[in-house]
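Undergrad: This is the structure I want to talk about, given as structure tokens.
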Amino acid sequence: MRDSAILIPIGLLTVTSPVEATLLMRTIIMQIDLTHHALKDRFNLFIGCNMGKLMAISIEQLHAFSETVEKGGFKQASRSIGKHAVTISGLVANLESEVGFELFVRKPRSLELTEKGNQLFEHARSVLRELEHFDAKASSLLEEEPSRITIAMDTALSGEELSQVYKQLFVRFPTLEVKILTGDALLVRSWVLTGQADIGFSVGTFSMPHELSSARAFSFQIANVASPDLGIAGKQLTKHQVRGLRQISVNFLKVLGLSEGHNISNKVTYCNSLHEILNLVKHCSCWAIMPLYLCREAIENGEVDKFELEVEDSAHWYTDVIWRTEKPVNSAMRLVIDGILKLEDR
């Protein structure tokens with residue numbers, strides 16, 4: 001028995017079988033889907049051109065604009081960027097077309113930044129700086145460089161030399177997140193032991209837990225200083241002569257059980273800050289053993305007196321760089337460690 005024809009009207013077309021109808025419907029659906037995506041793209045383009053005009057601005061345009069402002073002209077900017085002056089001029093003109101106003105007033109032999117151009121200039125520089133930061137961060141991630149570092153520093157060791165180490169770190173790792181903690185020698189060691197800091201740098205504590213690795217850094221000369229009202233400037237005294245005078249001593253020596261060889265007086269006041277110890281010696285009737293580099297100026301100004309003491313201890317102390325033994329030393333840590341180890345003795 002012959003199948004009867006099935007007439008399915010589709011627009012102006014007529015098909016006579018279910019198979020033809022199915023194929024035709026699939027084709028139409030695909031066309032509708034493609035048309036939908038095309039319309040969507042056109043809609044997004046329309047929105048981008050009318051509601052987000054700055055999205056069409058290129059990095060080259062911003063760079064050309066910024067360099068033209070900073071260098072004072074298209075020709076000067078072309079030398080800086082390495083492109084022809086006509087290209088730079090064209091990029092700036094295209095940028096003006098995108099933003100809808102002039103950035104420069106063209107004069108026969110010079111350019112004058114318009115008021116609107118001047119306001120836009122800082123935003124252009126900001127965008128370019130962010131892009132530089134993005135590029136640097138992407139490069140550091142590609143090279144698997146460290147993303148952050150925490151450094152614990154003894155407040156007694158701050159100075160211009162140490163700032164130069166930080167400067168090298170910032171230049172070498174521009175996207176590195178750096179955190180600096182400051183405190184006394186005990187705090188520095190505690191921060192490293194507990195993992196709150198990657199590296200520590202402090203006055204040597206004369207003993208080191210097995211969990212820490214260390215490297216001997218610079219040494220420094222120490223001095224015996226006293227309050228001027230004690231009247232012992234320039235004198236050489238024995239232990240017995242100073243035993244009755246109040247001594248100000250660093251606290252970490254007591255905590256670590258190392259004060260016996262350092263503390264001489266019967267009356268000892270402990271302090272965790274060498275800077276505060278110096279202040280106490282300036283204003284109270286007492287004496288202390290201090291790094292010479294910290295009290296040299298006070299000695300020269302007559303705020304404290306320097307005297308000699310008959311002791312067998314060395315006239316120098318040293319500093320330590322420390323890190324956890326179990327923690328791998330990454331490139332940022334290595335830069336800081338090496339930088340500190342290169343510092344000269346004080």
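The values are calculated or read from the model by the stated rules, or taken from the named source; none is laboratory data. Remember, it's a predicted structure, so these values are computed and weren't measured experimentally. In this analysis, Cβ positions are derived from the backbone assuming ideal geometry, glycine residues included, and neighbour counts consider all displayed protein chains. For accessibility, only protein heavy atoms count, side chains too; no ligands or nucleic acids. Shrake-Rupley method; radii C 1.70, N 1.55, O 1.52, S 1.80 Å.
Undergrad: What does the convex hull of the alpha-carbon atoms of the range 131-211 project to on average, in nm²?
TA: For the range 131-211, the mean projected area of the Cα convex hull comes to 6.3 nm².
Undergrad: While we're on this one: Would you list which lysines come within 16 Å of Lys306, measuring only between C-alpha atoms, while excluding same-chain residues fewer than 8 positions from it?
TA: Lys235, Lys239, Lys282
Undergrad: To make sure I understand the rule: partners must be lysines, Cα under 19 Å from the Cα of Lys179, and not fewer than 8 residues away in the same chain. Which ones qualify?
TA: Qualifying lysines at Cα under 19 Å: Lys137, Lys167, Lys327.
Undergrad: Quick check: pseudo-label points 7 Å beyond the Cα along Cα→Cβ at Lys342 and Gln76, how many nm apart are they?
TA: 3.6
Undergrad: At a 1.4 Å probe radius, which order do His84, His316 fall into by accessible area, largest first?
TA: Result, largest first: His84, His316.
Undergrad: For the range 91-158, what is the accessible area per residue in Å² when the probe is 1.4 Å?
TA: With the other protein chains kept in place, the range 91-158 gives 64 Å² per residue.
Undergrad: For the range 210-285, state the average projected area of the convex hull of the C-alpha atoms over all orientations, rounded to one decimal in nm².
TA: Across all orientations, the range 210-285 yields a mean hull projection of 6.5 nm².
Undergrad: Using 1/(1 + (r/R0)^6) with R0 = 30 angstrom and r between the beta carbons of Leu258 and Leu181, what's the FRET efficiency to the nearest 0.05?
TA: 0.80
Undergrad: All other residues with a Cβ under 11 Å from the Cβ of Ser80 taken together, and with Lys, Arg as +1 and Asp, Glu as -1, what is their net charge?
TA: With Lys, Arg at +1 and Asp, Glu at -1, the net is +2.
Undergrad: In nm, to one decimal, how far is the Val268 label point from the Leu141 one, both placed 7 Å along Cα→Cβ?
TA: Distance between the two pseudo-spin positions: 5.4 nm.
Undergrad: Next question. Could you go through the range 76-82 in sequence order and give the Karplus-derived ³J(HN,Hα) for each residue, using 6.51 cos²θ - 1.76 cosθ + 1.60 with θ = phi - 60°, rounded to whole Hz, and x for Gly and Pro?
TA: 5, 5, 5, 5, 5, 7, x
Undergrad: Taking every alpha carbon pair in the range 142-284, what does the distance histogram look like in 5 angstrom bins from 0, in percent?
TA: Reading the bins upward from 0: 2, 8, 15, 18, 17, 13, 10, 7, 5, 3, 2, 1, 0, 0.
Undergrad: For an R0 of 56 angstrom, estimate the FRET efficiency from the Cβ-Cβ distance between Lys116 and Glu161 and round to the nearest 0.05.
TA: 0.75
Undergrad: Here is a further query. Carbon and sulfur together cover what percent of the accessible area of the range 75-208 at a 1.4 Å probe radius?
TA: Its accessible area is 51 percent carbon and sulfur atoms.
Undergrad: If you plug each phi of the range 287-296 into the Karplus form 6.51 cos²θ - 1.76 cosθ + 1.60 with θ = phi - 60°, what whole-Hz ³J(HN,Hα) values come out, in order, with x for Gly and Pro?
TA: For the range 287-296, the Karplus curve yields 9, 7, 9, 9, x, 4, 5, 7, 10, 4 Hz.
Undergrad: Still on this structure, I have one more. Summarise the long-distance tail of P(r) for the range 227-346 by giving the % of C-alpha pairs beyond 24 Å.
TA: 37
Undergrad: Let me check something: with ligands and nucleic acids excluded, how do Val225, Val255 order by accessible area (1.4 Å probe), largest to smallest?
TA: Ranked list, largest accessible area first: Val255, Val225.
Undergrad: While we're looking at this one, here's another question. Suppose R0 equals 25 Å. What FRET efficiency, 1/(1 + (r/R0)^6) with r the Cβ-Cβ distance, do Glu132 and Glu276 give to the nearest 0.05?
TA: Using R0 = 25 Å, I get an efficiency of 0.05.
Undergrad: Can I ask one more? How much of Glu326 can a 1.4 Å solvent probe reach, expressed as accessible area in Å² and rounded to 10?
TA: Answer for Glu326: close to 140 Å² accessible.
Undergrad: Kirkwood hydrodynamic radius, computed over distinct alpha-carbon pairs, for the range 90-149: how many Å, to one decimal?
TA: 14.1
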